[in-house]
Amino acid sequence: MTHTPQKSGQRIQSSVRNNLTSAGIQTEERLEVFSTNHQGYILPDLVYSVCSSADIGVWSHTSKNLLNFVPSKNYLLIVPDSDVELFKTITDRTFKVVPESVFVPGLKEILRNKIPPSSIGRIGWYLQQFIKLSVLKEARDYENFVIWDADTVPLKKIEFFRSTGEVEFFTGTEAHLPYFDLTQKLMGFGKRAKFSFIAQCFPYKGIWANNFFNFIEGKFSESYEKTLLNLIDFKEGSGFSEYETLGSFAYHNYRKQIIVSGKKWERNGTALIGGPHNIYREPYKQLIKDYEHLTFERWQEPFSTLKAQDDSARKSFLSIESYTLPKLETYLDDIFLSDKVRTVVQIGANDGVQNDPLRKYLKDQSALKVQLIEPIPYYVEKLQQLYFGRSDITVRGVAAGSAESMRELFFIRPEVADEMNGDGPKNDWAHGQGSFDKATVIHWIKQNSFQGKKYVANIDHYVRSITSINVNVVRTDSLLEKNRCGLLLVIDVQGFESEVLDGIDWLNPPEWIVIEDDLGKSFDHIAYFAKHGFRWVAGEHDKVFSRLFGSAHCDLTARIANTDQFNVEWIAKKIKTRAFLKKVAKKLIPTFAQLLVKRILGGS
């Protein structure tokens, strides 16, 4: 087959323009800009990714940067059938969002039967590889493709296909032998290249794909899917790599067309900067300035690279970070005064006045729905008096935690706390000292030795004045509304933060969480929240964390989570549709997949 990139590109460009414009996507300007700014390279016909809701936080960044930095004539995203609408709400319409059943109908159940129970969590990992291969097979008549991992964010302009016919590959250092045991059985040879093709993005030519599938299906006289399912050793946690398999075939047959890029990329993005939301913020920006793309894998511990450094390095890092963020009061003013906050839950409300960041917003009756959680009866009574007659505010005399229990809570007797301002400041600080850990209360009594000589002389008395009660602990999640759009959660629990946070359903979290940090746990908190898809957005002593998504898809996820009549009908409709599709899948879906890909790419 003669390599004629310009002619093929012109044919596809014309039909793509018609098809995408009819779908409401303006491509004229995009294609014109790309054609003039990318001399020496030709555009791929398709950049495509496979994603699920587990990686939607990274995808919201990946998708935007793909359009900015990885020019292509077309973009395709394949997601689980149940996630299609969700992804459409947060993905630029330039992407065609397609359900995975179009490409791999019934494969999930086959994999479930193939994979041993000890590795059952790898179903999704294998499934996405088969989806990538299926798209490549259906569209292999076109010229150039880029498979892009959904958890990988491009940081600079990246091009793969030289106009002279060579293909530039990013490379890695991975050398997992089971991958090449498979290529030996499949193609008759093991590892060929000195490098790994696993680099989170993968360019490929249509002619290579065509020859790959023809070779496999000709050799084994059955579909490539059945061949792979028979040859993969599923007892291995990772028994197959689509990148190493396709890359080895290309390296064996088209070595002279393969160029090793040599440009830097980084797989440990989560460990390095916590999450993709930090890409354009200092001091993270300086850490990644030399990389072309960055991968954010869920299994990594956020900021673990920084965690390995000494305390001085972490403190320096946090001081730079906090300097770039707004103050707590500024941020709260913004979300309250712009009516973004709908509901409030404050855990550890104390008396509602002393050092309370919410007092100014709760003084007057409002449309907010507020719950104040405080386990110590003396302060419960104070709150009830403060907000007497307020229908918008509910006071509950319980504590919050990871599970229901009875716990001993330590605090300073109120009449003694009145005496503990010493020489000042006169802020009644001792009334805020309640903890399930007696040592924490003692710690703060001693930390306030700066209050003067009289205070220091009475420290033993203050310690003896610590008392305790048994309080009812309820799971944090039971205190939160089902619809958590606009929900602000404020936590001040003197060292019990991890218990309160562990009681949250992180599949349906609040929109903002404010957490007091006066025990030097800043770094642990930042890493914990990053792991759950939250970023530090404001405050230093009291830190505000916000989930990575705004309300753009918040209402949709809440609608799915709630069991109102609309959703019952919506879910029933999807189930009915899915059942119908299963009946016709064997005959129609392979044909439909071919037609869909041709329509996406502009074929006839």
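The values are calculated or read from the model by the stated rules, or taken from the named source; none is laboratory data. Predicted model only: the values in this text are computed from it and were never measured. Every residue, glycine as well, gets a Cβ built from its backbone with ideal geometry; the counts of neighbours run over all protein chains shown. We work out accessible area using only protein heavy atoms, side chains counted, and drop any ligands, DNA or RNA first. Shrake-Rupley method; radii C 1.70, N 1.55, O 1.52, S 1.80 Å.
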Worksheet, complete the sentence: In the stretch 265-287, residues that are open to solvent by 10 Å² or more (accessible area, probe 1.4 Å), of a type in the set (A, V, I, L, M, F, W, C) and in contact (Cβ under 8 Å) with a residue 60 or more places away in the chain total 1
Worksheet entry | Residue within the stretch 393-405 that is in contact with a His (Cβ under 8 Å, 6 or more places away or on another chain), of a type outside the set (Lys, Arg), within 30 Å of residue 341 (Cα to Cα) and open to solvent by less than 80 Å² (accessible area, probe 1.4 Å) present | no
Worksheet item: Could you say which residue among 219, 185 is open to solvent by 10 Å² or more (accessible area, probe 1.4 Å), in contact (Cβ under 8 Å) with a residue 40 or more places away in the chain and not polar (S, T, N, Q)?
Response: 185
Worksheet item: So, of the residues in the stretch 449-486 that are out of contact with any Lys or Arg (no Cβ under 9 Å at 6 or more places or on another chain) and acidic (Asp, Glu), which turns out to be surrounded by the most Cβ atoms within 10 Å (Cβ to Cβ)?
Response: 477
Discussion item. Would you confirm, using the coordinates I've provided, whether residue 225 is touching a helix residue (DSSP H, G or I) at 6+ places or on another chain (Cβ under 8 Å) and in contact (Cβ under 8 Å) with a residue 24 or more places away in the chain?
Written reply: yes
Worksheet item: Quick check: is even one residue across the stretch 371-386 over 25 Å from residue 505 (Cα atoms), assigned to a loop (DSSP other than H, G, I, E, B) and not hydroxyl-bearing (Ser, Thr, Tyr)?
Response: yes
Worksheet item: What residue, among those in the stretch 57-71 that are touching a helix residue (DSSP H, G or I) at 6+ places or on another chain (Cβ under 7 Å) and open to solvent by less than 20 Å² (accessible area, probe 1.4 Å), is modelled with the highest pLDDT?
Response: 71
Worksheet item: Taking the stretch 158-192 on its own, how many of its residues are of a type outside the set (D, E, K, R) and either under 29 Å from the mean Cα position of the chain (by Cα) or in a loop (DSSP other than H, G, I, E, B) (or both)?
Response: 16
Discussion item. It is to be established whether one or more residues within the stretch 373-386 are charged (D, E, K, R), touching an Asp or Glu at 6+ places or on another chain (Cβ under 8 Å), modelled with pLDDT under 95 and closer than 30 Å to residue 452 by Cβ.
Written reply: yes
Item to complete: Give the stretch 184-228 a look and list any residue that's farther than 15 Å from residue 241 by Cα and of a type in the set (D, E, K, R), or say none.
Response: 194, 205, 217, 219, 222, 226
Practice prompt. For residue 321, state whether it is surrounded by 13 or more Cβ atoms within 10 Å (Cβ to Cβ) and under 27 Å from residue 505 (Cβ atoms).
Written response: no
Worksheet item: Given the residues 74, 113, which is the only one that is surrounded by 21 or more Cβ atoms within 10 Å (Cβ to Cβ), over 21 Å from the mean Cα position of the chain (by Cα) and not charged (D, E, K, R)?
Response: 74
Item to complete: Kindly indicate which of 331, 291 is within 26 Å of the chain's Cα centre (by Cα), among the hydroxyl-bearing types (Ser, Thr, Tyr), within 30 Å of residue 62 (Cβ to Cβ) and assigned to a loop (DSSP other than H, G, I, E, B).
Response: 291
Discussion item. So, in the stretch 487-501, exactly how many residues are among the acidic types (Asp, Glu) and either open to solvent by less than 30 Å² (accessible area, probe 1.4 Å) or modelled with pLDDT of 95 or more (or both)?
Written reply: 1
Item to complete: Could you tell me which residue of the stretch 520-531 is modelled with the highest pLDDT, considering only residues that are under 21 Å from residue 327 (Cβ atoms) and open to solvent by less than 60 Å² (accessible area, probe 1.4 Å)?
Response: 529
Worksheet entry | Some residue of the stretch 409-419 being more than 22 Å from residue 499 (Cβ to Cβ), small (Gly, Ala, Ser) and assigned to a loop (DSSP other than H, G, I, E, B) | no
Discussion item. I'd like to know if the stretch 221-242 contains one or more residues that are among the β-branched types (Val, Ile, Thr) and more than 23 Å from residue 158 (Cα to Cα).
Written reply: yes
Worksheet item: If we only count helices (runs of 4 or more DSSP H) wholly inside the stretch 40-156, which ones have 3 or more residues that are more than 23 Å from residue 204 (Cα to Cα)?
Response: 56-69, 84-90, 107-114
Discussion item. Against the conditions (1) at positive phi; (2) of a type outside the set (A, V, I, L, M); (3) part of a helix (DSSP H, G or I), where does residue 262 fall short? Just the number, please.
Written reply: (3)
Discussion item. Given the condition of a type outside the set (Phe, Trp, Tyr), over 29 Å from residue 158 (Cβ atoms) and free of Cβ contacts under 8 Å to residues at least 12 places away in the same chain, answer yes or no: does some residue in the stretch 249-264 qualify?
Written reply: no
